[in-house]
1. Taking only segment 1-38 into account, find how many residues are without any contact (Cβ under 8 Å) to a residue 24 or more places away in the chain and of a type outside the set (Lys, Arg).
2. Give segment 79-129 a look and list any residue that's open to solvent by 20 Å² or more (accessible area, probe 1.4 Å) and aromatic (Phe, Trp, Tyr), or say none.
3. Could you list all residues from segment 60-110 that are assigned to a helix (DSSP H, G or I), of a type in the set (Asp, Glu) and within 19 Å of Phe5 (Cα to Cα)?
4. What is the residue count in segment 64-78 for residues that are open to solvent by 10 Å² or more (accessible area, probe 1.4 Å) and within 11 Å of the ligand (Cβ to nearest atom)?
5. Consider Lys59 against the criteria (1) more than 18 Å from Leu30 (Cα to Cα); (2) open to solvent by less than 40 Å² (accessible area, probe 1.4 Å); (3) not aliphatic (A, V, I, L, M): it satisfies all of them except one. Which criterion is unmet?
Amino acid sequence: MSMTFSIIKPDATKRNLTGAINKMIEDNNLIIVAQKRIKLTKEKAEGFYSIHKDKPFFKELIHYMISGPIIVQVLKGDNAVENYRKIMGATNPENADNGTIRKEFAINIQENSVHGSDSEENARIEIDYFFEKNEIIS
Ligand code: CMP
């Protein structure tokens, strides 16, 4: 069993899709071992996405990520990072497979409903960015 970090993004919380997305997560054998609903500050969002700071879409991405509440989560299961990336589908919903979260719910490449860590190392960094050890109950 391993862990990954997930965000249910503002486009999804605004449409009241938290439960529907959590059902897809749980139906695919991932356990939600930590979860909280928060509103990102500009500074916290910029820190989280600092790897993208030179990308042309960075400013718009930050504006979007602070536009409403988000749900931050820790997911646990077999091959959690890889498994959750399959469940999410491609970044651009136009390229996402049927049955994935982004195919079902994402609006476009930016408002793509969910984030998931892309490696075990980043999962650890991202989990630590939002959660204290004692908030993760597995
Ligand atoms: P995420 O997996 O959270 O990682 C970076 C985010 O930037 C991505 O999901 C999208 O929300 C956004 N993003 C990635 N590529 C683009 C793009 N070409 N245009 C706008 N937003 C993007």
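The values are calculated or read from the model by the stated rules, or taken from the named source; none is laboratory data. Please read all numbers here as calculations on a predicted model, not as lab measurements. Heads up, the Cβs are rebuilt from the backbone with ideal geometry, glycines too, and the neighbour counts pull from every protein chain shown. Heads up: the accessible areas ignore ligands, DNA and RNA and are worked out on the full protein's heavy atoms, side chains in. Shrake-Rupley method; radii C 1.70, N 1.55, O 1.52, S 1.80 Å.
1. 5
2. Once the filter is applied, which keeps residues that are open to solvent by 20 Å² or more (accessible area, probe 1.4 Å) and aromatic (Phe, Trp, Tyr), segment 79-129 yields Phe105, Tyr129.
3. If the condition is that a residue be assigned to a helix (DSSP H, G or I), of a type in the set (Asp, Glu) and within 19 Å of Phe5 (Cα to Cα), then Glu82 is the only one that fits.
4. Count: 1.
5. Unmet for Lys59, out of (1) more than 18 Å from Leu30 (Cα to Cα); (2) open to solvent by less than 40 Å² (accessible area, probe 1.4 Å); (3) not aliphatic (A, V, I, L, M): (2).
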